[in-house]
Amino acid sequence: MTDVSAILGPFEEQEEFTVEDFQLLERITLSGSAEKVKAKVKQMGIKSKQASDLIMKVDALLSAVPNGEVRRDISFKDTQSVLHLSPLENEVFYDVVAIVDPLTREAQKISSLLIVLSQVVNVKLQVFMNCRAKLSELPLKSFYRFVLEPDVAFLANDTASPGPVARFMELPESPLLTLNMITPESWMVQAEHSLHDLDNIHLQEVNGVVAAEFELEHLLLEGHCFDLSTGQPPRGLQFTLGMSQDPLMYDTIVMANLGYFQLKANPGAWILRLRKGRSEDIYQIITHDGTDSPPDAEEVIVVLNSFHSKIIKVKVQKKAEKINEDLLSETSESKGIWDSIVSITGGGSKRDGGEKKKEDILNIFSVASGHLYERFLRIMMLSVLRHTNTPVKFWFLKNYLSPSFKETISHMAKSYGFQYELVQYKWPRWLHQQTEKQRIIWGYKILFLDVLFPLAVDKIIFVDADQIVRADLKELRDLDLEGAPYGYTPFCDSRKEMDGYRFWKSGYWASHLGQRKYHIRFHHSQLKSTYDTN
């Protein structure tokens with residue numbers, strides 16, 4: 001009979017625990033894990049007394065574990081499409097079975113996980129290839145390496161190695177390749193050193209190895225903000241992030257989508273505040289979750305001490321005396337939403353808020369990726385400078401600039417006398433993720449214009465990297481948009497011989513636009529096209 005270890009009682013004075021009770025307890029115990037443990041112990045050939053004690057101890061340990069999913073044993077035909085990795089003999093091992101479709105990104109990632117797992121613990125590994133029977137096209141169009149190391153690596157002199165490395169060996173030389181980094185959601189990673197054009201890698205033209213070094217520049221602080229009274233995101237509300245010595249290091253606007261906001265940060269203790277001005281005058285922070293200060297504390301402190309995502313929730317409410325005021329006042333016909341934002345941020349003239357007039361400067365935004373388009377970008381910049389006497393400040397999307405451009409732009413700015421700034425934004429996790437690098441870059445041109453730049457920038461002109469400017473852009477900057485947040489140039493249609501290339505003149509686009517003109521030439525597969533709504 002198997003020994004049973006249990007705590008029973010306390011019993012009443014007249015209550016008895018009989019032999020039948022012991023038998024019932026034994027049956028209940030065996031119906032759980034004890035019967036399976038007993039079968040395994042019998043296979044081990046242990047003597048009766050030691051076996052009984054072992055069953056008792058193992059069952060007691062298993063009983064303390066919360067119930068999980070029921071384990072199901074599934075038999076496979078392992079004659080074809082299966083890989084076997086045998087465990088070390090005479091040692092305890094984990095029995096691991098992986099079923100993968102080899103032509104998926106998940107299979108690319110799990111292969112590295114299984115390799116590292118086999119290096120960390122003793123495993124008996126079986127990998128079954130569960131392929132789809134029919135494919136209309138090849139679902140995988142990329143080579144992928146998941147960078148994962150089983151332990152910290154050291155060099156021969158006992159110093160730590162430079163870090164994990166992704167190596168791509170025996171790649172085909174004829175296709176044009178692009179190197180892209182897929183990182184955790186809260187990481188902002190940039191290529192810091194590379195002699196090659198990482199957007200256009202043609203191995204037939206490369207002697208030696210294409211090497212690139214990436215750096216983790218920022219950890220993001222993400223959050224969602226809602227008005228406690230209405231339950232809706234407060235349109236136009238602005239937050240600042242900084243430290244006690246410098247309270248305004250970064251700023252952003254709360255999006256209408258899910259009340260989302262995103263701020264760049266690094267490890268340390270940060271202070272989140274409402275931006276001084278109308279945001280702070282009208283609203284106050286009522287409560288906050290996921291932060292590192294009490295929920296009712298006026299000063300919101302957020303500590304970034306992990307490489308994991310930090311997502312907070314902030315609830316705000318209008319002050320009692322400001323209950324009828326709106327951050328984005330639309331009561332005046334001559335003043336649109338964008339002008340309201342400008343006045344909030346202090347970007348207006350004296351008529352907007354009594355502040356001094358803004359510095360006369362041309363803000364030009366452009367996006368480039370790859371050495372070829374960066375050469376076009378330099379030509380475009382010179383064409384802008386040669387046709388204006390107004391000071392110019394260029395803004396570039398840093399996410400996809402090459403290391404060589406980032407190293408040389410400061411020398412160019414000094415030589416030609418212009419200002420520049422690099423801006424970044426991480427594609428929000430809740431927005432449909434694009435997988436093609438070019439489509440992501442197209443998306444950045446339009447989707448995040450209101451959150452890419454510091455709030456003090458009141459007007460900015462987007463110029464394609466491959467354009468040549470032949471007039472003074474000051475005229476375009478000073479054009480009255482009549483309160484509209486965006487302005488686009490409509491396409492001309494005087495040359496009838498070009499009608500065959502104007503895809504918006506027929507089919508879906510013609511019916512979708514109606515009598516409105518097509519305003520910006522986005523490729524038909526792009527994320528979004530913009531057209532005149534008047």
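Across the stretch 260-278, the qualifying residues are those that are among the hydrophobic types (A, V, I, L, M, F, W, C) and farther than 15 Å from P234 by Cα, and the one among them that is surrounded by the fewest Cβ atoms within 10 Å (Cβ to Cβ) is A269.
The selection criterion, being assigned by TED's automatic domain parsing to the domain that holds E374 and over 22 Å from L220 (Cα atoms), does not hold for V451.
So is T240 out of contact with any Pro (no Cβ under 7 Å at 6 or more places or on another chain), among the polar types (S, T, N, Q), without any contact (Cβ under 8 Å) to a residue 40 or more places away in the chain and outside the structural domain of L447 (by TED's automatic domain parsing) or not?
On the way: out of contact with any Pro (no Cβ under 7 Å at 6 or more places or on another chain): no; among the polar types (S, T, N, Q): yes; without any contact (Cβ under 8 Å) to a residue 40 or more places away in the chain: yes; outside the structural domain of L447 (by TED's automatic domain parsing): yes.
For T240, the condition - out of contact with any Pro (no Cβ under 7 Å at 6 or more places or on another chain), among the polar types (S, T, N, Q), without any contact (Cβ under 8 Å) to a residue 40 or more places away in the chain and outside the structural domain of L447 (by TED's automatic domain parsing) - is not met.
For the stretch 365-379, the set of residues classified as polar (S, T, N, Q) and over 18 Å from A413 (Cβ atoms) consists of S369 only. You will find that of T29, T2, the residue that is within 51 Å of the chain's Cα centre (by Cα), surrounded by 10 or more Cβ atoms within 10 Å (Cβ to Cβ), over 30 Å from L114 (Cα atoms) and modelled with pLDDT under 80 is T29 and no other.
Total residues in the stretch 246-266 satisfying the condition of being of a type in the set (A, V, I, L, M, F, W, C) and outside any loop (DSSP other than H, G, I, E, B): the figure is 4.
From the list P294, P247, exactly one residue is in contact with a Lys or Arg (Cβ under 7 Å, 6 or more places away or on another chain), of a type outside the set (F, W, Y) and surrounded by fewer than 20 Cβ atoms within 10 Å (Cβ to Cβ). Which is it? Matching residue, one of P294, P247: P247.
Residues in the stretch 56-97 that are in contact with a strand residue (DSSP E or B) (Cβ under 9 Å, 6 or more places away or on another chain) and either surrounded by 10 or more Cβ atoms within 10 Å (Cβ to Cβ) or part of a helix (DSSP H, G or I) (or both): F76, D78, S81, V82, L83, L85, P87, F93, Y94, V96, V97.
Quick grid of which residues meet (1) in the same structural domain as F376 (by TED's automatic domain parsing); (2) under 28 Å from I379 (Cα atoms):
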| position | (1), (2) |
| --- | --- |
| A471 | yes, yes |
| D478 | yes, yes |
| C492 | no, yes |
| E497 | no, no |
| G507 | no, no |
| S511 | no, no |
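Scan the stretch 198-238 for residues that are surrounded by 19 or more Cβ atoms within 10 Å (Cβ to Cβ) and in a loop (DSSP other than H, G, I, E, B) and the total you get is 6.
Restricting K445, K517 to residues that are closer than 30 Å to F239 by Cα and modelled with pLDDT under 80 narrows the list to K445.
Anything in the stretch 228-262 that is in contact with a His (Cβ under 7 Å, 6 or more places away or on another chain) and within 22 Å of K322 (Cα to Cα)? List them, or say none. Scanning the stretch 228-262 gives a single hit, G259.
Within the stretch 424-452, the only residue that satisfies the criterion of being among the basic types (K, R) and more than 21 Å from T178 (Cα to Cα) is R429. Does L135 satisfy the criteria of being modelled with pLDDT of 90 or more and either in a strand (DSSP E or B) or closer than 28 Å to L177 by Cβ (or both)? When the stated conditions are applied, L135 does not pass them.
Are any residues in the stretch 396-423 outside any helix (DSSP H, G or I), loosely packed, with under 15 Cβ neighbours inside 10 Å and not small (G, A, S), and if so, which ones? Steps first, please.
So in the stretch 396-423, the residues outside any helix (DSSP H, G or I) come out as 396-397, 401-402, 417-423.
Subset that is loosely packed, with under 15 Cβ neighbours inside 10 Å: 417, 419, 421.
Those that are outside any helix (DSSP H, G or I), loosely packed, with under 15 Cβ neighbours inside 10 Å and not small (G, A, S): Q419, E421.
Contact map, the stretch 58-72: residues that are at pLDDT 70 or above paired with residues that are not in a loop (DSSP other than H, G, I, E, B), Cβ distance under 6 Å, separation 6+ or inter-chain. Pairs shown: V58/V37; D59/S33; D59/A34; D59/V37; L62/S33.
The values are calculated or read from the model by the stated rules, or taken from the named source; none is laboratory data. Predicted model only: the values in this text are computed from it and were never measured. No Cβ is skipped: glycine too gets one built from the backbone with ideal geometry, and neighbour counts run over all protein chains shown.
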